[in-house]
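**Student:** This structure is in structure tokens; I'll ask about it shortly.
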Amino acid sequence: MNAPEKLPANPAPHVMNTYGRLPMALAYGRGCWLWDTAGKKYLDGLGGIAVNTLGHGHPKLVPALQDQVAKLIHSSNYYQVPLQEQLAAKLCELSGLSNAFFCSTGLEANEGAIKIARKYGHDKGIEKPEIIVYEKAFHGRSIATLSATGNPKVQAGFGPLLEGFPRVPLNDIGAVERLAQTNPNIVAVFLEVIQGEGGINVATIEYLKAVRRLCDERGWLLMLDEVQCGLGRTGKWFAHQWAGIKPDVMPLAKGLGSGVPVGAIVCGPKAANVFGPGNHGTTFGGNPLAMRAGVETLRIMEEDHILENAAQVGAALKEGLARGLAGVKGVTEIRGQGLILGIELERPCGEILGRAAEAGLLLSVTADKVVRLVPPLILTADEAAQIVAILVPLIKAFLAEPAKS
Ligand SMILES: Cc1ncc(COP(=O)(O)O)c(C=O)c1O
């Protein structure tokens, strides 16, 4: 491990001040454990915000990435990239879809999905295509994905936002049906199967089936943002698979490269040929290092039965939290599936993030009142029990304090 480093001032003098950061820096990780520059140890309940699928320093991933770095990091999409075909084929096998485009981040995958929907509409002669989006959704911070996002706080100051995103509440099929009756410009429905940033809000199985049915009847694209909830986190490869449906467009990122930036738009036959040469592109997307990270992540996940682990350890974690917090006044709900869990409190609880870190647990607070756990999918039952042992007393102590006005 490195010797303790002196941290810069917080906020750092030269890094743009876009995050309220804790006064600590992580220097080293193994499995689900991290150490900061002062040598303090943390249990990772955050996974770099649902990114570090295989935890830190994974003994199978690290040598594969080292091998790839030594061979070739980046070439260009001017040339064939065999690893792209390998990763695309694997994603298609796992999803039952047919083609993938590679990019580097979640917002980029979603931006591409929005472009696909618009072009799909134009190809059908709809001049002003519109995409149904959701209250409390989060799709990214570019202007198009921000316009699709349903959080006025993150949109504030960036108007004018894009038109063409009629918004509905989650799990209210009547709201989608009413738009179907009144708006002939709709070409797609775009939602997260589990809203992550919005507070771990789960689309019900009946709702997903009903939206799929409506999209089929109307010739709309069903676009499921699985950037946060996908890739094994719920215990299936993709969260929508619990509903036995398939999307037409599925943006992915976060966990796909286990920490190396990899994004993808995976499409079924209705959407796979909407883009042709020249319609979309990226410099970094699909480069050999990113593709190797994706291929190896999926390979190791299969080999090590990571989906089963996420389902089992996630269920144990949820049960442990439910048991520990049963009857505690101020806990509204514990929800989520597998290793994407949220504990909603009745009041804003942002300070739990810092208090948990002090107690040796990394997590996040989202939608003001929801403590979110999205740990590496290699979390063990014992580590889940340790999360419960740290978090339950912390939440109880927080709720026992008088609310700040
Ligand atoms: C569901 C969802 N979509 C898109 C994004 C944006 O991804 P990125 O930060 O990689 O641009 C996020 C990020 O939190 C997300 O949770």
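Every read-out reported here was derived from the displayed coordinates using simple, explicitly stated rules and does not represent laboratory data. Predicted, not measured: the structure shown is a model, and the values here were computed from it. Ideal geometry is used to build each Cβ from the backbone, glycine not excepted, and the neighbour counts take in all protein chains shown.
**Student:** For F275, only one of the following conditions fails: (1) within 14 Å of the ligand (Cβ to nearest atom); (2) over 13 Å from the mean Cα position of the chain (by Cα); (3) buried (at least 19 other Cβ atoms within 10 Å of the Cβ); (4) part of a loop (DSSP other than H, G, I, E, B). What is its number?
**Tutor:** Unmet for F275, out of (1) within 14 Å of the ligand (Cβ to nearest atom); (2) over 13 Å from the mean Cα position of the chain (by Cα); (3) buried (at least 19 other Cβ atoms within 10 Å of the Cβ); (4) part of a loop (DSSP other than H, G, I, E, B): (1).
**Student:** Tell me, please, whether a residue that is in a loop (DSSP other than H, G, I, E, B), within 16 Å of the ligand (Cβ to nearest atom) and within 24 Å of G232 (Cβ to Cβ) can be found in segment 105-113.
**Tutor:** Yes: one or more hits.
**Student:** Output the number of the condition that T182 fails; it satisfies all remaining conditions of (1) within 11 Å of the ligand (Cβ to nearest atom); (2) free of Cβ contacts under 8 Å to residues at least 12 places away in the same chain; (3) among the polar types (S, T, N, Q).
**Tutor:** (1)
**Student:** Any chance segment 209-230 includes a residue that's within 15 Å of F138 (Cβ to Cβ) and among the acidic types (D, E)? Before you say what the answer is, go through the steps one by one.
**Tutor:** Within segment 209-230, the subset within 15 Å of F138 (Cβ to Cβ) is 223-230.
The next check asks that each one be among the acidic types (D, E); those that pass are 225-226.
Yes: one or more hits.
**Student:** Tell me, which residue of segment 210-242 that is within 17 Å of L97 (Cα to Cα) and surrounded by fewer than 20 Cβ atoms within 10 Å (Cβ to Cβ) is farthest from the ligand (Cβ to nearest atom)?
**Tutor:** Step by step, filter segment 210-242, then rank; the result is D216.
**Student:** Also: How many residues, within segment 145-176, are surrounded by fewer than 19 Cβ atoms within 10 Å (Cβ to Cβ) and touching a strand residue (DSSP E or B) at 6+ places or on another chain (Cβ under 6 Å)?
**Tutor:** Residues flagged as surrounded by fewer than 19 Cβ atoms within 10 Å (Cβ to Cβ) and touching a strand residue (DSSP E or B) at 6+ places or on another chain (Cβ under 6 Å) within segment 145-176 amount to 3.
**Student:** Select from segment 168-200 the residues that are polar (S, T, N, Q) and more than 19 Å from A239 (Cβ to Cβ) and list them in ascending order.
**Tutor:** Q181, T182, N183, N185, listed by residue number.
**Student:** Could you check, for segment 191-206, whether at least one of its residues is away from the ligand (no atom under 16 Å from the Cβ) and of a type outside the set (S, T, N, Q)?
**Tutor:** Among the residues of segment 191-206, at least one is away from the ligand (no atom under 16 Å from the Cβ) and of a type outside the set (S, T, N, Q), which makes the answer yes.
**Student:** Output the residues belonging to segment 69-103 that are buried (at least 21 other Cβ atoms within 10 Å of the Cβ) and among the small types (G, A, S).
**Tutor:** Residues satisfying the conditions are A88, S95, A100.
**Student:** Contact list please: Cβ distance under 6 Å, first residue in segment 132-150 and of a type in the set (F, W, Y), second residue in a strand (DSSP E or B) and within 10 Å of the ligand (Cβ to nearest atom), pairs at least six apart or on different chains.
**Tutor:** Correct list of pairs: Y134/L191.
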